[in-house]
Amino acid sequence: MSEKLWDGRFSETTEKCVEAFTSSIDIDKRLYAYDIEGSIAHCKMLARVSIITEDEASLIIQGLGKIKREIERGEFHFEDSLEDIHMHIETRLVQEAGKAAQKLHTARSRNDQVALDVRMFLRVETIDIIKNLTELRKVIVEFAKKHSDIVLPGYTHLQRAQPVLLAHHFMAYYEMFSRDVERFQSCLKRINVMPLGSAALAGTTYPIDREYTAELLNFPEISLNSIDAVADRDFILEFLSAASICMVHFSRISEELIIWSSSEFGFVELSDSFSTGSSIMPQKKNPDVCELVRGKTGRVFGDLISALTMMKSLPLAYNRDMQEDKEPMFNSVDLLKSCIEIYVRMLPNIAVNKERMESAVSSGFLNATDLADYLAGLGMPFRQAHACVGKAVGYALEKGCELHELTLKELNKFASIIKNDVFDFLTVEQVVGRRLSLGGTAPANVNQAIKKAGEELADGETGKRENGERD
Ligand code: ARG
């Protein structure tokens with residue numbers, strides 16, 4: 001068993017079960033690179049303000065480099081008695097750099113150290129997620145472009161409602177994922193704050209230079225209240241809520257693809273490489289990947305709820321409960337990233353069944369609103385027009401046909417002002433093409449939206465919206 005860094009005042013050794021219970025090393029060893037980078041910056045700062053000498057600093061930095069290599073090569077020994085990644089690295093550093101290493105923790109506490117590590121980790125991952133989501137936005141725009149001439153029923157209550165362009169439907173997801181990007185971007189601003197120098201909770205008596213540490217670690221901002229800096233994890237909660245909302249979007253698109261790929265709908269076919277078979281029914285091709293994305297959504301919500309619950313009653317400042325912040329954070333980062341990757345690869349390989357979509361548009365009175373609009377256009381108040389068309393629908397239902405399959409004579413029974421031009425008015429092309437209101441499904445609008453998205457995405461590495469700019 002290694003000697004503990006904190007047991008000076010203890011006369012009894014820690015119970016094994018307590019060591020196992022309090023240890024977080026299995027989880028937080030993932031932070032090792034950030035812990036080392038943070039320690040190097042802290043060490044350089046200590047030397048700069050002459051709290052340690054340059055020689056001591058170089059011994060520490062060399063030692064930390066060696067430890068990093070040991071961890072990366074799998075040569076580093078982890079054990080529960082050393083609790084967490086911070087203790088492991090510091091203990092090993094003392095073996096390497098002796099007395100100098102013992103000075104590294106001057107003006108620092110594990111409380112501000114762990115806050116720093118978590119922020120550094122989440123900063124990198126959030127930037128990565130933003131990039132990956134933007135890749136997905138590109139794939140969605142490509143998909144919309146490729147299928148720009150396909151019409152399918154738009155649904156409300158999962159009942160056929162009005163025809164829409166498939167491209168319009170997918171561009172709806174483009175909007176959702178673009179807002180997700182904005183949320184992560186906004187969250188990043190609050191993640192990107194440097195807490196080191198807050199020490200245990202009250203700051204430190206040493207003449208430290210926090211600006212210098214922040215500069216070394218590339219933080220644009222420094223925390224302004226030492227208690228807050230070690231006590232809060234709202235940036236994790238924010239990340240998890242942005243991740244949860246993003247997963248809602250993934251879950252909904254998954255649900256649609258699952259329904260659309262059923263024989264009943266037959267709108268799409270997922271490629272074999274993104275489907276699985278059944279161990280008993282040889283004919284089956286299952287959308288398991290989409291189902292798992294939908295299923296994993298619940299785990300991300302769970303992460304948000306466990307982090308919120310963990311934080312909600314904690315008195316200021318640091319409490320050990322907060323060690324439980326890492327598992328939900330890591331889990332959600334991993335899950336979200338895997339879902340984005342799956343979708344970036346799966347979407348381009350989805351086969352769309354144009355005929356099935358278009359034949360679904362041709363029945364179910366999808367042009368009923370348009371007939372009412374036609375009457376309203378001739379001066380009939382919309383409510384009255386709605387009632388007339390309702391009756392006509394009832395009549396057509398009985399007859400087993402669509403509105404545009406009725407004769408003019410039949411239509412005139414419900415409204416005498418209807419003329420022969422109504423049949424042109426009710427074609428799918430006209431019905432879709434007339435929805436020119438801003439954000440509507442008319443091809444002219446949708447092509448414009450696709451073009452705008454293309455420009456947005458071409459604008460810089462990750463797209464304009466991530467910088468919070470919108471025109
Ligand atoms: N492993 C701890 C955590 O993740 C580090 C901070 C420990 N601080 C303390 N005062 N025990 O939260």
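Among the residues making up the range 190-227, those that are away from the ligand (no atom under 16 Å from the Cβ) and part of a helix (DSSP H, G or I) are Arg190, Ile191, Arg210, Glu211, Tyr212, Thr213, Ala214, Glu215, Leu216. Of Leu104, Leu133, all but one fail to be of a type outside the set (S, T, N, Q), part of a helix (DSSP H, G or I) and away from the ligand (no atom under 11 Å from the Cβ); the exception is Leu133. Note on the range 316-337: among residues that are among the basic types (Lys, Arg) and surrounded by fewer than 19 Cβ atoms within 10 Å (Cβ to Cβ), the one that is nearest to Arg30 (Cα to Cα) is Lys337. Put simply, of Glu96, Glu83 the only residue that is more than 29 Å from Glu324 (Cα to Cα) and either over 29 Å from the mean Cα position of the chain (by Cα) or within 16 Å of the ligand (Cβ to nearest atom) (or both) is Glu96. Among the numbered conditions (1) in contact (Cβ under 8 Å) with a residue 60 or more places away in the chain; (2) within 16 Å of the ligand (Cβ to nearest atom); (3) not β-branched (Val, Ile, Thr), the only one that Asp128 does not meet is (2).
Scanning the range 293-318 for residues that are touching a residue at least 60 places away in the same chain (Cβ under 8 Å) and not in a helix (DSSP H, G or I), which turns out nearest to the ligand (Cβ to nearest atom)? Result: Tyr318.
Only one of the numbered conditions (1) within 16 Å of the ligand (Cβ to nearest atom); (2) among the hydrophobic types (A, V, I, L, M, F, W, C); (3) farther than 30 Å from Ser58 by Cβ is violated by Leu116, and that is (3). Restricting attention to the range 25-69, the residues that are among the β-branched types (Val, Ile, Thr) and either part of a loop (DSSP other than H, G, I, E, B) or at positive phi (or both) add up to 4.
Name the single residue, out of those in the range 228-259 being acidic (Asp, Glu) and in a helix (DSSP H, G or I), that is surrounded by the fewest Cβ atoms within 10 Å (Cβ to Cβ). By that ranking, first place goes to Asp234. If the condition is being surrounded by 11 or more Cβ atoms within 10 Å (Cβ to Cβ), over 29 Å from Leu166 (Cβ atoms) and among the basic types (Lys, Arg), then the range 260-315 contributes only Arg299. Flag set for Ser278, criterion: in contact with a strand residue (DSSP E or B) (Cβ under 8 Å, 6 or more places away or on another chain) and in a loop (DSSP other than H, G, I, E, B).
Do you know which residues across the range 137-147 are surrounded by fewer than 22 Cβ atoms within 10 Å (Cβ to Cβ) and either in contact with a Pro (Cβ under 7 Å, 6 or more places away or on another chain) or over 29 Å from Glu402 (Cα atoms) (or both)?
Lys138, Val139, Glu142, Phe143, Lys145, Lys146
Checked against the criterion of being among the acidic types (Asp, Glu), free of Cβ contacts under 8 Å to residues at least 12 places away in the same chain and within 16 Å of the ligand (Cβ to nearest atom), the candidates Asp321, Asp334 yield just one match: Asp321.
Please determine whether any residue of the range 353-371 is under 28 Å from the mean Cα position of the chain (by Cα) and more than 16 Å from the ligand (Cβ to nearest atom).
No, the conditions are met nowhere in the range 353-371.
The residue that is nearest to the chain's Cα centre (by Cα), counting only those in the range 70-80 that are part of a loop (DSSP other than H, G, I, E, B) and within 16 Å of the ligand (Cβ to nearest atom), is Phe78. Pairing residues of the range 74-93 that are on the phi < 0 side of the Ramachandran plot and in contact (Cβ under 8 Å) with a residue 40 or more places away in the chain with residues that are within 12 Å of the ligand (Cβ to nearest atom) and of a type in the set (Ser, Thr, Tyr), at Cβ distances under 7 Å and at least 6 apart in sequence or on separate chains, gives Asp80/Ser23; Asp84/Ser24. Somewhere in the range 37-57, is a residue away from the ligand (no atom under 16 Å from the Cβ), surrounded by fewer than 17 Cβ atoms within 10 Å (Cβ to Cβ) and touching a residue at least 60 places away in the same chain (Cβ under 8 Å)? Checked against the condition, which is being away from the ligand (no atom under 16 Å from the Cβ), surrounded by fewer than 17 Cβ atoms within 10 Å (Cβ to Cβ) and touching a residue at least 60 places away in the same chain (Cβ under 8 Å), the range 37-57 yields at least one hit. Do we find that Phe143 is within 16 Å of the ligand (Cβ to nearest atom) and either over 29 Å from Gly203 (Cα atoms) or touching a Cys at 6+ places or on another chain (Cβ under 7 Å) (or both) in this structure? In short, no. For the range 198-223, a tally of residues being small (Gly, Ala, Ser) and either buried (at least 18 other Cβ atoms within 10 Å of the Cβ) or within 17 Å of Tyr34 (Cα to Cα) (or both) returns 4.
FYI, it's all coordinate maths here, none of it is from the lab. Since the model is a prediction, treat every value here as computed from it, not as a measurement. With ideal geometry, Cβ positions are generated from the backbone for all residues, glycine too; neighbour counts draw on all protein chains shown.
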